[in-house]
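First the structure, in the form of structure tokens, and then the observations on it.
The values are calculated or read from the model by the stated rules, or taken from the named source; none is laboratory data. This structure is a prediction, so every number in the text was calculated from the model and none was measured. Note that each Cβ is placed from the backbone with ideal geometry, even for glycine, and that neighbours are counted across all protein chains shown. The accessibility values were calculated without ligands, DNA or RNA, using every heavy atom of the protein model including side chains. Shrake-Rupley method; radii C 1.70, N 1.55, O 1.52, S 1.80 Å.
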Amino acid sequence: MKRSIPVTWQKLNRMVTGYLVVLIVTLSAPTINANERPTLLIMGDSLSAAYGIEREQGWVTLLEERLGNQANLVNASISGETTSGGLQRFSDILDKQQPDIVLLELGGNDGLRGLAPNQMRTNLADMIEQSQEADAQVLLLGIDIPPNYGQAYRDAFTGVYYSLAEEYDVPLVPFLLEGIALNEQLMQSDGIHPTAEAQAIILDNVWPELEPLLGRDYQASSK
């Protein structure tokens with residue numbers, strides 16, 4: 001009887017150790033807790049700041065309405081923002097908000113100003129890396145520029161988004177204004193900013209890439 005006691009404790013010890021390993025692995029996985037509302041941070045420019053329309057008409061507000069009370073949404077978008085300006089603000093915002101998901105919608109103003117695509121890429125890459133180091137998922141929202149900038153520059157510009165998505169393994173919406181930009185009725189008189197009527201289409205462009213990041217529990221409850 002005395003010889004069986006150590007064997008029993010050894011089995012119990014292995015069971016406890018195995019349980020702790022599973023528990024540690026589970027707790028360390030960078031997933032959204034189903035019991036907590038995820039925080040979404042949107043870093044964008046005028047396209048996400050509802051330029052030229054009422055703020056409540058913008059696609060970000062429509063997203064907030066769709067999410068309801070199942071998520072917190074922080075819109076840190078500023079009209080006229082470049083990737084350089086966004087990068088300067090990003091670290092403080094990331095530390096303060098501690099988002100679960102970051103939507104990066106920057107670059108359009110870099111392109112309109114003819115800034116170097118390589119620098120734009122560096123700035124966006126820095127924000128992606130900071131997000132991933134903070135265990136936040138990233139969704140990259142791409143944009144295009146008018147054809148009068150020349151095909152070579154346009155290719156270099158749009159290529160930044162594709163290369164970043166591949167390098168950092170993040171989902172990409174290639175063109176935020178898909179189905180909008182070439183429709184004059186959906187664009188404001190400046191030919192750059194979408195109208196209020198276009199905002200629901202923008203959300204529809206974003207949603208298929210965003211929904212999987214919210215997790216299976218959210219998807220199940222939203223259907």
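Structural remarks
- Counted residues, segment 182-192 - those being of a type in the set (S, T, N, Q) and part of a helix (DSSP H, G or I): 1
- Taking the criterion of being of a type in the set (S, T, Y) and either closer than 19 Å to E36 by Cα or in contact with a Leu (Cβ under 9 Å, 6 or more places away or on another chain) (or both), the residues of segment 80-112 that qualify are T82, T83, S84.
- Residue check, F157 part of a helix (DSSP H, G or I) and out of contact with any strand residue (DSSP E or B) (no Cβ under 8 Å at 6 or more places or on another chain): yes
- All told, D100 falls short of being in contact (Cβ under 8 Å) with a residue 24 or more places away in the chain and closer than 24 Å to L182 by Cβ.
- From T158, T195, residue being of a type outside the set (F, W, Y), touching a Pro at 6+ places or on another chain (Cβ under 8 Å) and surrounded by 15 or more Cβ atoms within 10 Å (Cβ to Cβ): T158
- Contacts under 8 angstrom Cβ, first residue in segment 193-205 being within 8 Å of W59 (Cβ to Cβ) and in a helix (DSSP H, G or I), partner open to solvent by 40 Å² or more (accessible area, probe 1.4 Å) and among the aliphatic types (A, V, I, L, M), 6 or more apart: Q199/L62; A200/L62; L203/L62
Yes/no per residue for (1) at positive phi; (2) under 16 Å from the mean Cα position of the chain (by Cα):
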position	(1), (2)
G86	no, yes
L106	no, yes
N109	no, no
G114	yes, no
N118	no, no
Q130	no, yes
A136	no, yes
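- E211 over 25 Å from G85 (Cα atoms) and either in contact with a Gly (Cβ under 6 Å, 6 or more places away or on another chain) or among the charged types (D, E, K, R) (or both): yes
- Filtered residues of segment 164-180 (kept if of a type in the set (G, A, S) and open to solvent by 40 Å² or more (accessible area, probe 1.4 Å)): G179
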